[in-house]
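Below you'll find the structure, written out as structure tokens, and then a few comments.
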Amino acid sequence: MNSKVVIALSKRKGTISFVFSFLFFIVGGWAILYPEQLVSYLFRNTDFIRIIGFFAIVFFGGACFFIGRKLFDNKPGLIIDENGITDNTNATSVGLIEWTDITEIEIAQVMSNKFLIIHTSTPEKYLSRAKNMFTKKSMQMNNKTYGSPISIISQSLKIDFKELENLIRSEWKVRNLNDINEK
């Protein structure tokens, strides 16, 4: 099969994610500056509220940065072709994942967010493509947690998760059958 499937990044999903991340970023700042206004039955300690605020600023500030970059990214989110899967879906995207390197495709879930874990025979090859320290640490954490540094999310794409999973699995199956037939 020599077809090429191009899936665009969803600006709508990205905008919604950015807005919510920015709101949590603001709440984190509020927690640092005015913790006494957030004291409640659950959170009585202002120092604890400040610590939560700090982590909210770091996490959601980072999310705003990466989501904001994707909002202005005109490259496709995912390309599936005869070479493999070219991933541009998230901050830890590694570019081309070659069909010959893929050993397994697995579903993982954090809270209600599902994503695909792409297991490879050469995880070091993809870890070495990390663009910065944050990306490398995230990929290493994925590798330790899920057994692979590569994850593909549908939240940033104009496709739902089940369609994405079916598409990637069927293309991978075709490529594996072609490899077996050629040997």
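We did not get these values from a lab; they are worked out from the coordinates using the rules stated. All values derive from a computational prediction rather than experimental measurement. Note that each Cβ is placed from the backbone with ideal geometry, even for glycine, and that neighbours are counted across all protein chains shown.
Placing +1 on the Cβ of each Lys and Arg and -1 on the Cβ of each Asp and Glu in the chain, which of Ser21, Ser121, Thr145 has its Cα farthest towards the positive end of the resulting dipole?
Result: Ser21.
Compute the Cα gyration tensor for the stretch 78-182, then decide on rounded, prolate or oblate, letting a ≥ b ≥ c be the square roots of its eigenvalues: rounded whenever a/c is under 1.5, prolate when a/b is larger than b/c in the other cases, and oblate in all that remain. Could the numbers behind the result be given before it?
Working: a/c = 1.70, a/b = 1.24, b/c = 1.37.
Judged from the Cα gyration tensor, the stretch 78-182 comes out oblate (a/c at least 1.5, b/c at or above a/b).
With everything on Cα atoms, drop me the angle between helix 161-182 and the longest principal axis of the chain, reported from 0 to 90° to the nearest 10.
Roughly 30 degrees between the two axes.
Give me the distance between the Cα centres of the stretch 77-106 and the stretch 1-38, rounded to whole Å.
24 Å
Provide Rg over Rh for the stretch 1-149; use the alpha carbon set for both Rg and the Kirkwood Rh (inverse mean inverse pair distance). Before the final figure, lay out each step's value.
Working: Rg = 18.7 Å, Rh = 17.6 Å.
Rounded to two decimals, Rg over Rh is 1.07.
Sort 127-134, 49-56, 107-114, 149-156 by packing, meaning the average of other beta carbons within 10 Å per residue, with the highest value first.
Values: 127-134: 13.1, 49-56: 16.9, 107-114: 10.0, 149-156: 22.8.
Per-residue mean Cβ counts within 10 Å order the peptides as 149-156, 49-56, 127-134, 107-114.
What ³J(HN,Hα) values, in whole Hz, does the Karplus curve 6.51 cos²θ - 1.76 cosθ + 1.60 give for the stretch 83-89 when θ = phi - 60°, with x put for Gly and Pro?
7, x, 10, 9, 9, 9, 8
As an exercise, use a Förster radius of 45 Å and the Cβ-Cβ distance of Asn132 and Thr46 to find the FRET efficiency, rounded to the nearest 0.05.
Working: r = 34 Å, r/R0 = 0.76.
E between Asn132 and Thr46, to the nearest 0.05, is 0.85.
Check Ala8: other-chain or 5+ apart residues with amide H under 5 Å from its amide H, H built from backbone geometry?
Gly77, Lys158
Report, in deg cm²/dmol and to the nearest 500, the calculated mean residue ellipticity at 222 nm for the chain, where each DSSP H run with n ≥ 4 adds -39500 (n - 2.57) and the sum is divided by the residue count.
Numbers: 5 runs with 90 residues, N = 183.
Counting only the DSSP helices, I get -16500 deg cm²/dmol.
May I ask for the angle, rounded to the nearest 10°, between helix 133-146 and the longest principal axis of the chain, with both axes built from Cα atoms and the value confined to 0 to 90°?
The helix 133-146 is inclined about 70 degrees to the chain.
Quote to one decimal, in nm, the extra length available between Val110 and Phe65 on full extension: 0.36 nm per residue of separation minus the C-alpha distance between them.
Contour length minus Cα-Cα distance gives 14.1 nm.
Take each of the peptides 21-29, 166-174, average the number of other beta-carbon atoms within 10 Å over its residues, and list them starting from the highest.
Working: 21-29: 16.6, 166-174: 14.7.
Put in order of decreasing packing, that is 21-29, 166-174.
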